[in-house]
1. I'd like to check something: does the range 85-99 contain any residue that is of a type in the set (V, I, T) and either over 9 Å from the mean Cα position of the chain (by Cα) or not in a strand (DSSP E or B) (or both)?
2. For the range 24-38, which residues satisfy the criterion of being surrounded by 15 or more Cβ atoms within 10 Å (Cβ to Cβ), modelled with pLDDT of 95 or more and away from the ligand (no atom under 16 Å from the Cβ)?
3. Just to be sure I understand, how many residues within the range 13-39 are part of a strand (DSSP E or B) and more than 16 Å from C74 (Cα to Cα)?
4. Answer yes or no: is there a residue in the range 42-65 that is touching a strand residue (DSSP E or B) at 6+ places or on another chain (Cβ under 8 Å), acidic (D, E), surrounded by fewer than 17 Cβ atoms within 10 Å (Cβ to Cβ) and farther than 18 Å from R22 by Cα.
5. Could you list, in sequence order, the residues of the range 47-69 that are closer than 14 Å to L34 by Cβ and either touching a residue at least 24 places away in the same chain (Cβ under 8 Å) or of a type in the set (G, A, S) (or both)?
6. Restricting attention to the range 40-81, which residues are of a type in the set (A, V, I, L, M), part of a loop (DSSP other than H, G, I, E, B) and more than 10 Å from the ligand (Cβ to nearest atom)?
7. Which condition from (1) in contact with a strand residue (DSSP E or B) (Cβ under 7 Å, 6 or more places away or on another chain); (2) surrounded by 13 or more Cβ atoms within 10 Å (Cβ to Cβ) is the one that E82 breaks?
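The values are calculated or read from the model by the stated rules, or taken from the named source; none is laboratory data. No experiment lies behind these values; they were computed from the predicted model shown. No Cβ is skipped: glycine too gets one built from the backbone with ideal geometry, and neighbour counts run over all protein chains shown.
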Amino acid sequence: MAEWGDERTVAVTLVLATGERRYQVPVTGGTSVLAVLDHIQRHLDPDLAYLASCRRGFCDVCVVRVNGKACRSCLQLVEGDELRIEPSRADRAIRDLAIRL
Ligand code: FES
């Protein structure tokens, strides 16, 4: 397990209705999945759509599937060297990772 502050790069694959998109994202032991999505949108893919509001685990709008498991992206810390991120409900996807609530 990565220690807090150790820098590394993770391979991120977004599994979207329009196809897969791949990125390399720098993280530390304390990086959340939502921070990974923020990094992608700010630095790599400004068109990426996803939902977030409270960023503290209260509202549930940020739920996505990470490596097959549903989680709140704001609370889920990055584990391992590869992330496959999908909408929490593909049948409700509006665009990219954003779903109809
Ligand atoms: S942004 Fe509200 S629970 Fe994650």
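1. yes
2. V25, V27
3. 12
4. Step one: list which residues in the range 42-65 are touching a strand residue (DSSP E or B) at 6+ places or on another chain (Cβ under 8 Å), which gives 44-45, 48-51, 57, 60, 62-65.
Checking the rest, the ones that are also acidic (D, E) come to 45, 60.
Checking which are surrounded by fewer than 17 Cβ atoms within 10 Å (Cβ to Cβ) leaves us with 45, 60.
With the extra rule that they be farther than 18 Å from R22 by Cα, the set shrinks to 60.
Within the range 42-65 (the criterion being touching a strand residue (DSSP E or B) at 6+ places or on another chain (Cβ under 8 Å), acidic (D, E), surrounded by fewer than 17 Cβ atoms within 10 Å (Cβ to Cβ) and farther than 18 Å from R22 by Cα), the answer is yes, since at least one residue qualifies.
5. L48, A49, Y50, L51, A52, S53, G57, V61, C62, V63, V64, V66
6. Residues satisfying the conditions are L48, A49, V78.
7. The failed condition is (2).
Table: residues versus (1) under 15 Å from R65 (Cβ atoms); (2) touching an Asp or Glu at 6+ places or on another chain (Cβ under 8 Å); (3) not small (G, A, S).
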| residue | (1), (2), (3) |
| --- | --- |
| V10 | no, yes, yes |
| V15 | yes, yes, yes |
| R22 | no, no, yes |
| T28 | no, yes, yes |
| L34 | yes, no, yes |
| L37 | yes, no, yes |
| I40 | no, no, yes |
| L44 | no, no, yes |
| L51 | yes, no, yes |
